[in-house]
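Read the structure below first, then the notes.
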Amino acid sequence: MKLLVCIKQVPDMESKFRIDADGVWYDRGDLAWRMNEYDEYAVEQAVRQKEQAGGDVTVLCIGSDQVKETMKKALAMGCDRGVHIADSHSYMKDPYQIAAMIAEFARDKGFDIIFTGMQSQDRGSGQVGVMLAELLDMAAITTIVDYTYDNGSVVVQRELEGGVKAKVKAALPVLVTCQLGLNTPRYPTLPNIMKAKKKELLTIEAKMLQSTDSMQKTVKMALPEKRVGGLFLEGEPDSIADRLIAILKEKTSVLA
Amino acid sequence: MKALLVAEYRQGKVQESYAELMAFSGILGAESSMFIVADSTVALPRFQGTLYVAEVSRYDEYNPEAHKSLLLDAIAQEKPDMVVFCHSSYGWDLAPRIAVREKAAQISEVIAVEDGKFIVPACNGKLRRTLTGKGLLTVVTIQAGAFSLDNLPDGIPNVVPVVGDYEGMATLLGYEEAKLGGVDLTRAEVIISAGRGVGKPENIVMVEGLAKALKGEYGASRPVVDAEWVTHNRQVGTTGLTVSPKLYVACGISGAVQHLAGMKKSEFVVAINTDRDAPIGEVADVFAVADLKQLLPVLTDKIMAL
Ligand SMILES: Cc1cc2nc3c(=O)[nH]c(=O)nc-3n(C[C@H](O)[C@H](O)[C@H](O)COP(=O)(O)OP(=O)(O)OC[C@H]3O[C@@H](n4cnc5c(N)ncnc54)[C@H](O)[C@@H]3O)c2cc1C
Ligand SMILES: Nc1ncnc2c1ncn2[C@@H]1O[C@H](COP(=O)(O)O)[C@@H](O)[C@H]1O
């Protein structure tokens, strides 16, 4: 079975973000980078699928050279080979353009199951996976929190609002977008990290793929306006606790 | 400007979120029409305008391929400038398919409109982006709760049936309801919630301890529930509970939109977080910039001693 998992490298969300000089994205210097959280579930599920029914897992990532670090983690988690689409401007591309690049790579490869994250943490659009399936004319099931494979079909649980889940079945080929809590991603072990170093990591220059026009334009990026009225308490825990108790006494009835 | 709004129907009911779509198109000053796959003999959304209806008995509540094709038919008839979905399990599933087929921009999770441009959150809510579509048609999904009407819209729509021979690739086998029971967080007057910032399951007791001292309940953000440190009946947020206690204390919770949606109606909100920029600050009345592991025990002791 041929499996593809698409991952994105994103900044640690606890970073201090600044706006870049052009005012349309965050400043990319001085950030710690990691695998998009949703994509960790995708990698884990792809590897489990392979462990269950055999096959070969390709991990694909579009981005600058630094994304290779994140790809190595996916290889150490059990993906067999990496495809890095080198594009130092990928962060300026819209979801359609990203999906179109992946589709062009994947089109003639006959992948049976494609795993993506439900959304990327920095852009949060939740589009690339579904668009990719649409471009490849394959079934797509979004926001899965449970996954089983049996005899040429997957049966998954889609997470809906208010705690309801929908059980859905589809025959291969299929693309699934992975939601938080789908599984517990494994930690790469040291031997697997060493093994990963020897795995194939192919780089394809983005300019070798056909380019598509962007459909949307970012006018600006900004920090949200600070809420007026919110009070910050800083200092030693002891003094914060005293001030907080005084505030709760004054402003709420819970300590009455 | 014309907006085609995509209403939702689930488990035999029209979802009231269609009012949010109306509120959004109202802000844009757009002329609204609507699309829904529903049972027209039972109930349809009420509003004034054209309502494209496909019968759920024929196309099922979940069948993305068929729903996509039916919606494309409605778009061909209506020729809107914009197709608007809720940013929900139905909307984010269907919207990108429409965007690809129509070669349209999709702008996800709009929270506000400024001069006709769309504002969306980025980086877990820490940043805001302003976007516009470039083509003739723009597909938009709107954040739950960001736009609202005071009352549900009223009126009798002009129903236009949509039909076609459309098959699907995925089949809905059934629904599973959340297993709640036990504690009822929605009735608690004080809720102290644990986020990923608690670090490890053993630290949940600190959160529980403060909850006890304040005669309240403890809750949690999703990662804490996913990791099974706390049971799902205590999860606050879009895929958990919506709560509105007198006091909500968010301990080590960043304040992602899906969490905020579940607790922002609380009367008084305290955040305890080491990251001063955490978006929970947007709804917090008091923000204690502190390590919860240090602050919680001290705070609990002092409250017990009152
Ligand atoms: C469709 C969908 C539905 C979702 N539904 C829900 C939902 O119902 N409920 C929900 O909560 N989430 C939901 N989420 C997930 C949501 O997007 C966030 O991922 C989640 O809320 C983050 O949880 P958190 O704040 O606990 O963790 P994080 O975002 O990781 O934040 C941890 C915070 O702890 C702080 N911290 C770290 N160490 C300390 C310390 N020692 N002391 C104090 N602070 C510390 C950090 O600064 C950070 O702000 C949903 C997501 C999607 C896509
Ligand atoms: N640059 C990228 N390279 C590879 N996969 C990506 C990239 N961007 C997004 N994806 C995939 O598409 C999913 C949804 O991303 P998004 O539409 O940006 O929210 C992610 O979880 C990834 O699986």
Practice prompt. Could you estimate the translational diffusion coefficient of chain B from the Stokes-Einstein equation, with Rh from the Kirkwood formula over C-alpha pairs, at 37 °C and 0.692 mPa s, in whole µm²/s?
Written response: 155 µm²/s
Worksheet item: Roughly how many whole Å is it from the C-alpha centroid of segment B:146-192 to that of segment B:234-250?
Response: 19 Å
Worksheet item: Between rounded, prolate and oblate, where does segment A:178-256 land on the alpha carbon gyration tensor, with a ≥ b ≥ c its root eigenvalues, rounded for a/c under 1.5, else prolate if a/b exceeds b/c?
Response: oblate
Item to complete: Place +1 on the Cβ of every Lys and Arg and -1 on the Cβ of every Asp and Glu in segment B:185-304, take the dipole about the Cα centre, and give the residue among B:Leu210, B:Gly252, B:Val198 whose Cα lies farthest towards its positive end.
Response: B:Leu210
Practice prompt. Determine, for A:Phe232, A:Phe115, the number of other Cβ atoms within 10 Å of each Cβ, and report the residues in order from fewest to most.
Written response: A:Phe232, A:Phe115
Item to complete: Within 10 Å of each residue's Cβ, count the other Cβ atoms and sort A:Ile141, B:Ile75 from fewest upward.
Response: B:Ile75, A:Ile141
Discussion item. Past 18 Å, Cα to Cα: identify those pairs from A:Lys72/A:Lys198; B:Lys13/B:Lys68; A:Lys2/A:Lys50; A:Lys226/B:Lys264; A:Lys8/A:Lys50, in the order given.
Written reply: B:Lys13/B:Lys68; A:Lys8/A:Lys50
Worksheet item: Can you give me the pair-distance distribution of segment B:185-304, C-alpha pairs, 5 Å bins, whole percents?
Response: 2, 14, 26, 28, 22, 8, 1
Discussion item. As a quick test, which of the pairs A:Lys220/B:Lys79; A:Lys251/B:Lys246; A:Lys68/A:Lys199; A:Lys73/A:Lys197 have an alpha carbon distance above 19 angstrom in this structure?
Written reply: A:Lys220/B:Lys79
Practice prompt. Taking chain A as the reference, fit the longest principal axis to its C-alpha atoms, fit the long axis of helix A:237-251 to the helix C-alpha atoms, and give the angle between the two in degrees, 0 to 90, nearest 10.
Written response: 70 degrees
Discussion item. I'd like the orientation of helix A:67-77 relative to chain A: the angle between its Cα long axis and the longest Cα principal axis, in ° from 0 to 90, rounded to 10.
Written reply: 70 degrees
Practice prompt. Enumerate the amide H contacts of B:Ile142 below 5 Å, restricted to partners 5 or more residues apart or on another chain; note that Pro and chain-start residues carry no placed amide H.
Written response: B:Phe85, B:Cys86, B:His87, B:Glu109, B:Val110
Worksheet item: Over all Cα pairs of segment B:2-161, how is the pair count split among 10 Å bins, expressed in % and running from 0 up to the last occupied bin?
Response: 11, 44, 36, 9, 0
Worksheet entry | Cα gyration tensor category, rounded, prolate or oblate, for segment A:2-208 with a/c compared to 1.5 | rounded
Worksheet item: Mind checking which of A:Ala241, A:Ala21, A:Ala140 has the largest fluctuation in a GNM of chain A, springs on alpha carbons under 10 Å?
Response: A:Ala241
Item to complete: Relative to the longest principal axis of the C-alpha atoms of chain B, give the angle of the C-alpha long axis of helix B:64-78, reported between 0 and 90° and rounded to the nearest 10°.
Response: 60 degrees
Discussion item. Which of rounded, prolate or oblate describes the protein assembly as shown when judged by the alpha-carbon gyration tensor and an a/c cut-off of 1.5?
Written reply: oblate
Discussion item. Among B:Leu51, B:Gln294, A:Ile114, whose Cα projects farthest towards the positive end of the dipole of the protein assembly as shown, with charges put on the beta-carbon of Lys, Arg (+1) and Asp, Glu (-1)?
Written reply: B:Gln294
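Bear in mind these aren't lab numbers, they're just calculated from the coordinates by the rules spelled out. Note that the structure is a prediction, hence the values are computed from the model and not measured. In this analysis, Cβ positions are derived from the backbone assuming ideal geometry, glycine residues included, and neighbour counts consider all displayed protein chains.
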